[in-house]
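This report concerns only the one structure given below.
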Amino acid sequence: MNLHTLIILGIFAPLLGATVAGLFGRRIGNIPSQAVTTGLLFFSCAVAWTVFGQWTWGHLEPFTIRLAPFINVGDFQSAWSIRIDALSATMLIVVTSVSSLVHLYSWGYMAEDDSRPRFFAYLSLFTFMMLALVTAADFMQIFFGWEGVGLASYLLIGFWFKKPTASAAAIKAFVVNRVGDFGFVLGIMTVFWMYGTIEFAELFPLVASKAGTTWEFLGVQWSALDLAGFLLFIGAMGKSAQFFLHTWLPDAMEGPTPVSALIHAATMVTAGVYMVCLLSPIYEYAPGASQIIAIIGAITALFAATVGLTQNDIKRVIAYSTCSQLGYMFFAAGVGAYQAAMFHLFTHAFFKALLFLGAGSVIHGMHHEQDMRKMGGLWKLLPITYGVMTIGTIAITGLGIPGVGGFAGFYSKDSIIESAYASAASGHSAVGLFAFFVGIIAAGLTAYYSWRLVFMTFHNKPVWKEEGDAHHADDHASHAQLETHSEPIADGHDTHGHDDHAHDDHGHHGPLHPHESPWVMLVPLILLSVGAVAAGFVFAPHFIGHHEHEFWRGAIFTGEHNHVLHESHEVPTWVKWSPLILTLIGTAFAYWIYVAREGMGRRMAERDGAIYRFLYNKWYFDELYDFVFVRGFRALGDAFWKIFDVKIIDGFGPNGAAWASLKSAGWLSKFQSGFLYYYAFVMLLGVAGLLTFAILAWGA
């Protein structure tokens, strides 16, 4: 079997698994559905690593496999194709590695769910759509995958559709992404209007020829490429949850934890970063759009990091860290360091999937409790989960010594921060200095909220034991009261538990007994921890180091004046040490507040100061959007309906004509009395009127 055939089978294997589990899951049962989907995903993963290995060490050349015509409308031509280059090879292993491990992990996490075939079908469908996106050879196929992952994410976030919050979160994610997708469509149409093609192989060589093209709007000349780049970036903002279009991301935690890992670690949210890096030939000639990308990315990194400081739901803390890390990737691409952006995407997939699945292991061991304030002291009871989450935390905080090394996040995050400084120093990007300072501040905040999560969850006194004893005492009191009064109880429910699984009763009678997860959940965590440790120093030479040219081989385009990545290796020493210093400060503050002065964090929260409320309520974006868009458009709709439609249009239109006809008919009906003398009198009046008119006219 040749490589082309193997790649085709690897791309479409998840679709086959989704079809089998989705259509025949109830007939064949849970275990066969899980086995088919998971087995096919591991096959795709093996194919992806084969392609990546041959690309990295075997000098595989770029190629495109054309499978079938897709859309042919006039000059708008699109063929379903599979594009293999450095970008797609990287994304193939990221998507399939995380997805296959999430499939395996879900065997344990979803063991009690009665809709497992549907769940595994959705997971596989999501993976196929992502593979279609990252191997697309033109805009039409990438848009197909783009919308496909949006649909699949809607199904996965709302998997427990009987939960109102899950259904609302799924709708919110779908609607917010449609806002971004509208900009994405306009960007595609702008590119087609300028160049007459949507195929990347034909488009990219033509970009420079129209670098100075302008478009007049409202009497102002706009750079056409900047316009196209900005519109395309709006699509990336929605899919990758950037500032203004980020509000769907935290609510997506309503889905099962494996879904959170799949969507937020390596797949859907990274699609925007991948798209911007893929379109580097456009953004190199669109400096205005690139600066907007850098600014939005930097603001997102800072915003999400500040919000993560105050969250108490273990999954939401990690969700906001995802949003912040995506900001890093975007401002790297915005300053021209596309290679560093892709490298951080690559390393982030391992440690973020590790953190999400580790959080799922904690939730599973705590009987689906997600509030970190109700945890503590778990490191002895969940030792493996504690170990791998500590590895993930070290990786995401970027702890490492310049010139020596560290875990995966150290290499990629420091490369981004150094590239931002280099872009400002070289004059390549005017916003580079802003991105640099935001990057190091966000690094300190990341260290604080990441270690805060570890300390609140695994260290300190076990709050869950005290609450469990209190619940146990309450149960005894309730039973005693029942025995005393002998009164029947209506069908009531215990509401102490956190509602992560819709089908589970999470009330706990008696003390909790946290436990380690089964091995089917722990094995993916151990494998991901290997990536979180080693992915940085193993692949840094290929992504951003000495072998960078040999690895990318033209997949990423940099202009003749863009030497940001190379200049990032020559930045001053203080720049290299700044992230580590801020990271250590953030870690020290977290330790001091949550370990050395245990209870200080709780007391700070209880003060409920203005800054705390502002951060805890996520800068009030949800409330602002609810007031402006939800209530505002509802008020606007009511105005159009009740005033313009009912009172003006209907009032002066059909309702007004009907009213006038009714009134005039009522008035005329008075002449129809039915009495002969009445009609004779009316006729006499008519004759008198005619005679009067005749006399007056004759006299004149």
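For the reader, a short list of remarks on this structure follows.
- Residue-level check: of (1) under 23 Å from MET140 (Cα atoms); (2) in a helix (DSSP H, G or I); (3) under 11 Å from the mean Cα position of the chain (by Cα), VAL207 misses just (3).
- Segment 65-115: number of residues that are of a type in the set (Asp, Glu) and part of a strand (DSSP E or B): 0
- Residues in segment 116-154 that are of a type in the set (A, V, I, L, M) and either outside any helix (DSSP H, G or I) or at pLDDT below 90 (or both): ALA136, ALA137.
- If you go through segment 369-402 and keep only what is among the aliphatic types (A, V, I, L, M), out of contact with any Gly (no Cβ under 6 Å at 6 or more places or on another chain), open to solvent by less than 10 Å² (accessible area, probe 1.4 Å) and in a helix (DSSP H, G or I), you end up with just MET372.
- Pick from segment 68-117, criterion over 16 Å from VAL259 (Cβ atoms) and in contact with a Ser or Thr (Cβ under 6 Å, 6 or more places away or on another chain), ranking: most open to solvent (accessible area, probe 1.4 Å): PHE70
- Qualifying residues in segment 155-167 (those that are open to solvent by less than 60 Å² (accessible area, probe 1.4 Å) and outside any loop (DSSP other than H, G, I, E, B)) - the one farthest from SER260 (Cα to Cα): SER167
- In segment 139-149, residue nearest to ILE198 (Cα to Cα) [restricted to those that are among the hydrophobic types (A, V, I, L, M, F, W, C) and open to solvent by less than 10 Å² (accessible area, probe 1.4 Å)]: PHE139
- Qualifying residue in segment 23-35 (condition: in contact with a Gly (Cβ under 9 Å, 6 or more places away or on another chain), open to solvent by 10 Å² or more (accessible area, probe 1.4 Å) and over 20 Å from PHE356 (Cβ atoms)): yes
- Restricting ALA289, ALA353 to those that are in contact with a Leu (Cβ under 8 Å, 6 or more places away or on another chain) and either at pLDDT 95 or above or closer than 21 Å to TYR411 by Cβ (or both) reduces the list to ALA353.
- Residue count, segment 511-545 (criterion: assigned to a helix (DSSP H, G or I), touching a Leu at 6+ places or on another chain (Cβ under 8 Å) and open to solvent by 30 Å² or more (accessible area, probe 1.4 Å)): 3
- PHE407 vs. criteria crowded, with 23+ Cβ neighbours inside 10 Å, at pLDDT 90 or above and in contact with a helix residue (DSSP H, G or I) (Cβ under 9 Å, 6 or more places away or on another chain): yes
- Residue within segment 335-350 that is in contact (Cβ under 8 Å) with a residue 24 or more places away in the chain, within 18 Å of the chain's Cα centre (by Cα), more than 11 Å from GLN242 (Cβ to Cβ) and open to solvent by 10 Å² or more (accessible area, probe 1.4 Å) present: yes
- Within segment 567-596, the set of residues being more than 30 Å from ALA422 (Cα to Cα), aromatic (Phe, Trp, Tyr) and in contact (Cβ under 8 Å) with a residue 12 or more places away in the chain comprises TYR591, TYR594.
- Among (1) open to solvent by 40 Å² or more (accessible area, probe 1.4 Å); (2) part of a helix (DSSP H, G or I), the one test that GLY439 misses: (1)
- Boolean, VAL207 is touching a helix residue (DSSP H, G or I) at 6+ places or on another chain (Cβ under 9 Å) and not hydroxyl-bearing (Ser, Thr, Tyr): yes
- Filtered by the rule that a residue be under 21 Å from ALA540 (Cβ atoms), polar (S, T, N, Q) and over 29 Å from the mean Cα position of the chain (by Cα), segment 51-92 gives GLN54, THR56.
- Yes/no for SER167 being of a type in the set (Gly, Ala, Ser) and over 26 Å from ALA252 (Cα atoms): no
- Those helices (runs of 4 or more DSSP H) lying entirely in segment 234-320 with at least 1 residues of a type in the set (A, V, I, L, M, F, W, C) and within 25 Å of ALA555 (Cβ to Cβ): 271-278, 280-283, 287-308
- When GLY554 is tested against the conditions (1) touching a residue at least 60 places away in the same chain (Cβ under 8 Å); (2) open to solvent by less than 60 Å² (accessible area, probe 1.4 Å), the lone failure is (2).
- Only one of ALA152, ALA170, ALA136 that is closer than 22 Å to LEU123 by Cα, buried (at least 20 other Cβ atoms within 10 Å of the Cβ) and over 20 Å from the mean Cα position of the chain (by Cα): ALA136
The values are calculated or read from the model by the stated rules, or taken from the named source; none is laboratory data. Since this is a predicted model, take the numbers as computed values, not measurements. So basically every Cβ, Gly included, is an ideal-geometry build from the backbone, and we count neighbours across all protein chains shown. With ligands, DNA and RNA removed, areas are computed over all heavy atoms of the protein, side chains included. Shrake-Rupley method; radii C 1.70, N 1.55, O 1.52, S 1.80 Å.
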